Amino acid sequence: MNAAPHQPAEASRRARALRALGVTPWVRRAANPPAGVAQPEPAPDMLAGAGAGVDCVVILPAGCGTRELDLLGRALSAGGASLARAARIAVSDGQLAANVPEARAYLVFGEAQAHALGRDLPAAALHRAQIVLADEPALVLTRADAKRRLWNALRGLRRALATAGG
């Protein structure tokens, strides 16, 4: 009455089946992958939309401490998946460290970062997006009123992303 144990499918067949189901297999990164392990190919529809349709981008001041980043990471994780996976871009000396993608929403920590975002992003993208200004991370870490404003901002941002189809 014992059934034969399930035999694993060969790697290429498994990769094709997963791709057909829309599943992206995660593979642990290694300097040199072991011989015989098939590396998964990204699905073509995922490659086409890699830069489009970004939900949220977080703009932070450069030089945030570990405690501030930990607090912000936990707060963003509590805000839902789209906020937890949001791109984080630092601002140093009034300049953004990387090119900012067009997104539906921007969570900006501090006025200096808001000015840098305004200088870098086109006016049409600023008009389409929801921009939420929060206090600097150091203030969020030390002051209760700054934490309250951050939680209210995250709640409103999450609602806006949910109603916009995110």
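Tabulated data
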item: Most to least packed among 68-74, 109-115, 14-20 [average Cβ atoms within 10 Å]; result: 109-115, 68-74, 14-20
item: Amide H contacts of ARG88 (H built 1.01 Å from N, under 5 Å, at least 5 apart or other chain); result: VAL58
item: Dimensions in Å of the range 104-166 - Rg and Dmax from alpha carbons; result: 12.6, 36
item: Three-way shape label, the range 53-126, alpha-carbon gyration tensor, a/c 1.5; result: oblate
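Just so you know, all these numbers are worked out from the coordinates, no wet-lab data involved. The structure displayed is predicted, hence computed values, not measured ones. With ideal geometry, Cβ positions are generated from the backbone for all residues, glycine too; neighbour counts draw on all protein chains shown.
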